[in-house]
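The values are calculated or read from the model by the stated rules, or taken from the named source; none is laboratory data. Bear in mind that the values here come from a model prediction, so they are computed numbers and not experimental data. Counting neighbours? That spans all protein chains shown, and the Cβs are built from the backbone with ideal geometry, glycine included.
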Amino acid sequence: MNRIKLFQTFFLMIFFSPCLNSQQSYPNSLILKEIAPEKFLVKFETTKGNFEITIEKKYSPLAVDRFYQLVKSNYFTDISFYRVVANFVAQFGTLDTLLDNAWSANVMYDEPVLKGNDAGTIAFARAGMNSRGSQLFINLKNNQRLDTIFYGDTKGFPAFGTVSKGMDVVLKLFSGYIDEPRQKLDSTVKNVPEFLKKNFPNLDYIKKAYLVQ
């Protein structure tokens, strides 16, 4: 990480962390040193029920380390499925830009697509080169075009795990808002969780996510 990125992350962690849900964590030097095992299972408890994802590091090592760090830091506490497009994807992550930027400041470099975006697979969202941060999606159907679509000079979204239990729960996530929650947010919103729950009461949430021993 270069000095500018390091300073940005430190600044966000020190000065803005009290503004966020206290159960969620900013990245820090300890959590960013966490190295994921080659294969592990994560259980998600949600407002629609529970599901489990089997993660395999061989498919996208950098993504898996980041995902492991997110789980270990309790990032997935009260996190919304803010963009659910029926028969496409269920996207989730924080919509609080301070928390999102703190994770994104720790650059995760692009990797090739070794595992395709089949139904039930998970991948990081991105919007350009080396832009994967803390936003993820689960494929609700086979989305092979996501294996090869270009953003800048980078091709595809590397999947790195698969829903191994509870895909019926994922398919029941509320999809009536499509991408409206994210589109309606602007810089005037001071309390993102409160805004979402007031204006989009049908959103589904991850209550918590944790490693299954």
Problem - Selection from region 65-124 of residues that are closer than 28 Å to residue 171 by Cβ, more than 12 Å from the chain's Cα centre (by Cα) and among the aromatic types (Phe, Trp, Tyr) - result: 88
Exercise for the section: May I ask you to list the residues in region 104-113 that are outside any loop (DSSP other than H, G, I, E, B) and either at pLDDT 95 or above or aliphatic (A, V, I, L, M) (or both)? Expected result: 108
Fill in the blank from the handout: Within region 130-155, of all residues that are in contact (Cβ under 8 Å) with a residue 24 or more places away in the chain, touching a Lys or Arg at 6+ places or on another chain (Cβ under 9 Å) and farther than 18 Å from residue 48 by Cα, the one surrounded by the most Cβ atoms within 10 Å (Cβ to Cβ) is 132
Completion exercise
Among strands (runs of 3 or more DSSP E) entirely within region 115-185, at least 1 residues that are basic (Lys, Arg) occur in 159-165
Practice task
Evaluate region 186-207: report whether one residue or more is in contact with a strand residue (DSSP E or B) (Cβ under 6 Å, 6 or more places away or on another chain), in contact (Cβ under 8 Å) with a residue 24 or more places away in the chain and among the β-branched types (Val, Ile, Thr).
Solution key: yes
Problem - Residue in region 102-124 that is of a type in the set (D, E, K, R), under 17 Å from residue 71 (Cα atoms) and touching a Phe, Trp or Tyr at 6+ places or on another chain (Cβ under 6 Å) present - result: no
Practice task
Working only within region 20-63, note down all residues that are at pLDDT below 95 and under 20 Å from residue 205 (Cα atoms).
Solution key: 20, 21, 22, 23, 24, 25, 26
Exercise for the section: State all residues of region 186-213 that are closer than 14 Å to residue 79 by Cβ, under 18 Å from the mean Cα position of the chain (by Cα) and outside any loop (DSSP other than H, G, I, E, B); if no residue qualifies, say none. Expected result: 192, 193, 196, 205, 206, 207, 208, 209, 210
Practice task
Working only within region 200-213, note down all residues that are touching a helix residue (DSSP H, G or I) at 6+ places or on another chain (Cβ under 7 Å) and under 23 Å from residue 98 (Cβ atoms).
Solution key: 200, 203, 209
Exercise for the section: Among the candidates 159, 127, single out the residue that is surrounded by fewer than 18 Cβ atoms within 10 Å (Cβ to Cβ) and in contact (Cβ under 8 Å) with a residue 12 or more places away in the chain. Expected result: 127
Completion exercise
Flagged in region 65-94 as buried (at least 21 other Cβ atoms within 10 Å of the Cβ), in a loop (DSSP other than H, G, I, E, B) and either out of contact with any Phe, Trp or Tyr (no Cβ under 6 Å at 6 or more places or on another chain) or of a type in the set (Val, Ile, Thr) (or both), in numbering order, are 75, 76, 82, 93, 94
Exercise for the section: Could you tell me whether any residue of region 35-56 is closer than 13 Å to residue 211 by Cα, over 16 Å from the mean Cα position of the chain (by Cα), outside any helix (DSSP H, G or I) and charged (D, E, K, R)? Expected result: yes
Completion exercise
Only unsatisfied item for residue 44, checking (1) closer than 27 Å to residue 180 by Cα; (2) surrounded by fewer than 22 Cβ atoms within 10 Å (Cβ to Cβ), is (2)
Exercise for the section: Go through region 174-196 and give me each residue that's exposed (fewer than 13 other Cβ atoms within 10 Å of the Cβ) and either modelled with pLDDT of 95 or more or not basic (Lys, Arg) (or both). Expected result: 176, 179, 183, 186, 187, 188, 194
